[in-house]
1. Is there a quick way to get the dipole size of region 91-184? I mean about its Cα centre, with the Cβ of Lys and Arg at +1 and of Asp and Glu at -1; what is the value in debye to the nearest 20?
2. Quick one: putting +1 on the C-beta of Lys and Arg, -1 on the C-beta of Asp and Glu, what dipole do you get for the chain around its Cα centre, in Debye to the nearest 20?
3. Could you state the number of Å between the C-alpha centres of region 135-153 and region 81-111?
4. Give the residue from Thr6, Phe30, Ile181 lying farthest towards the positive end of the charge dipole for the chain; charges sit on Cβ (+1 for Lys and Arg, -1 for Asp and Glu) and the dipole is referred to the Cα centre.
5. Mind sorting Thr93, Thr127 by how few other Cβ atoms lie within 10 Å of their own Cβ, fewest first?
6. Looking at the chain, which longest stretch skips every one of the trypsin sites (Lys or Arg not before Pro) that is in a DSSP loop with at most 13 other Cβ atoms within 10 Å, leaving the sites themselves out?
7. Under 15 Å between alpha carbons: how many lysine pairs meet that in region 40-184, if sequence neighbours fewer than 8 apart on the same chain are excluded?
8. Can you sort Phe30, Phe184 by how many other beta carbons sit within 10 Å, fewest first?
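Nothing in this text is a laboratory measurement; each read-out follows from the coordinates by a stated rule. Everything numeric here is computed off the predicted structure, so don't read it as measured data. No Cβ is skipped: glycine too gets one built from the backbone with ideal geometry, and neighbour counts run over all protein chains shown.
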Amino acid sequence: MNIIQTPIADLLVIEPKVWKDNRGYFYESFSARTLAEAGVREAFVQDNQSFSQKGTLRGLHAQKAPFAQGKLVRVIQGKVLDVAVDVRKDSATYGQHFSIELSGDNHRQLWVPPGFLHGFLTLEDDTIFTYKVTNYYDKESEVGVIWNDSDLNINWTEELTEANLLLSDKDLILPAFKNFISPF
């Protein structure tokens, strides 16, 4: 596995070594040892998976303490634009975001530590997105920011417009970043 530090501290891209032959491919999708060597010494307690059609936008979400979560995210099938926003109050990159394309073809993963808002937009139908988390889900601990916040200025994609995005009712009423009080 190749671990790549992003421009935002502690946010890591993981590129596995993929062995391909005429039968298909094989790769190691998780290695606690490799992550620990990169500084990620978290215990993962749960795996989550979603199935979405093209244009589904989920985010921007996090959970505050005592249920704050780190997430190791990847795509099994399809393609997403994955976005993490640094909301650690003492961070030099507070309010900055990082985006990356994750797909079933490129096998990349993103480590999103606690202290980040996270979201993704599916770029293909029948996308299967999976993530390992370091804490259990707790509805009362949810925090978030509206996906299209003008201060964050995230370029989700030029292909899709707000009119053809698939969003949950919950994601449509999240607050603006300027009104967000970070618990991190």
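1. Values: 5 positive and 15 negative charges, 101 e Å.
Around 480 debye, computed over region 91-184.
2. So the dipole magnitude of the chain works out to roughly 480 debye.
3. Taking the Cα centre of region 135-153 as reference, the centre of region 81-111 is 14 Å away.
4. It is Phe30, whose Cα lies furthest towards the positive end.
5. Thr93, Thr127
6. In the chain, the maximal stretch lacking such sites is 90-184.
7. Numbers: Lys54/Lys79; Lys64/Lys89; Lys64/Lys139; Lys71/Lys132; Lys89/Lys178; Lys139/Lys170.
Close lysine pairs found across region 40-184: 6.
8. Phe30, Phe184
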